[in-house]
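The values are calculated or read from the model by the stated rules, or taken from the named source; none is laboratory data. Note that the coordinates shown come from a computational prediction; the quantities given were computed from them, not determined experimentally. Cβ placement follows ideal geometry from the backbone for every residue including glycine, while neighbour counts extend to all protein chains displayed. For the accessible areas, the whole protein counts, side chains as well, though only heavy atoms, and no ligand, DNA or RNA atoms are used. Shrake-Rupley method; radii C 1.70, N 1.55, O 1.52, S 1.80 Å.
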Amino acid sequence: MDNHLAAGWCWLNTFDKDSNYNFYHIDQHNDLRTNAPDDVIKAIENQEITLKEYLGLSFKSGKRNVKAFTWDSYIKQTKMFYSNWFLKSHFATQKFCQDKELKDKFIIDMPISFHDLYDSISCQILETEEQWILNLDLDYFYRDSIQILTDEYIVKVAKDIKKAKDGIAVMTIALSPECCGGWDNAFQTYNLIAPILGLQKLNL
């Protein structure tokens, strides 16, 4: 997907609602905002919902109609009704990650140092009994639309993800062209990791 706005919908249509999972978030941003009232989010619990319905879910804020799921609010608002999908949560972001919100504070069990990612994924994922949600945003490798980690580093991350594949229930990938300096950069980075992970390359 172009960003992680629809990641929660992918999880809703992939997972057993009653099973336990851990969560591994690799992203330039922590995506831990909340914006929707509880009753709006709870309305889709245990319901089948199409992508169009998910993206269109909204609520009134004053005179404005506000989207219930946004690119930075989907994690905590999915956890609101399926907390068993986030038994352990590991976050790899460019800055030390913590949830500063008072409401429904999200516990991060392990923040991952920015330069240690490729040595961390497989050992952490494979040491647990539960399967993992791996949530990868390609803007992790960029800052101010400029690639700040080498192609070699990105390949090492992809190889470590492949090594961990037996422990991964699903992986969602966001291209985030607006944070990677455009579609060309996003596709170039995706196409570095795609063959390693057995995914089809993308063309503009």
Open item on the list: Being open to solvent by less than 10 Å² (accessible area, probe 1.4 Å), in a helix (DSSP H, G or I) and not polar (S, T, N, Q): is that true of LEU117 here?
Closed with: yes
Task: Residue that is nearest to ASN135 (Cα to Cα) [pool: residues in the stretch 1-11 that are modelled with pLDDT under 90 and either of a type in the set (A, V, I, L, M, F, W, C) or under 10 Å from the mean Cα position of the chain (by Cα) (or both)] - done: HIS4
Task: Residue list for the stretch 93-123, filter: modelled with pLDDT of 70 or more and aliphatic (A, V, I, L, M) - done: ILE107, ILE108, MET110, ILE112, LEU117, ILE121
- [ ] Answer yes or no as to whether ILE148 is touching a Leu at 6+ places or on another chain (Cβ under 9 Å) and among the hydrophobic types (A, V, I, L, M, F, W, C).
- [x] no
Open item on the list: Looking at the stretch 173-196 only, could you name the residues that are open to solvent by 40 Å² or more (accessible area, probe 1.4 Å), at negative phi and assigned to a loop (DSSP other than H, G, I, E, B)?
Closed with: PRO195
- [ ] Would you be able to say whether some residue in the stretch 147-165 is touching a Cys at 6+ places or on another chain (Cβ under 7 Å) and either free of Cβ contacts under 8 Å to residues at least 40 places away in the same chain or crowded, with 18+ Cβ neighbours inside 10 Å (or both)?
- [x] no
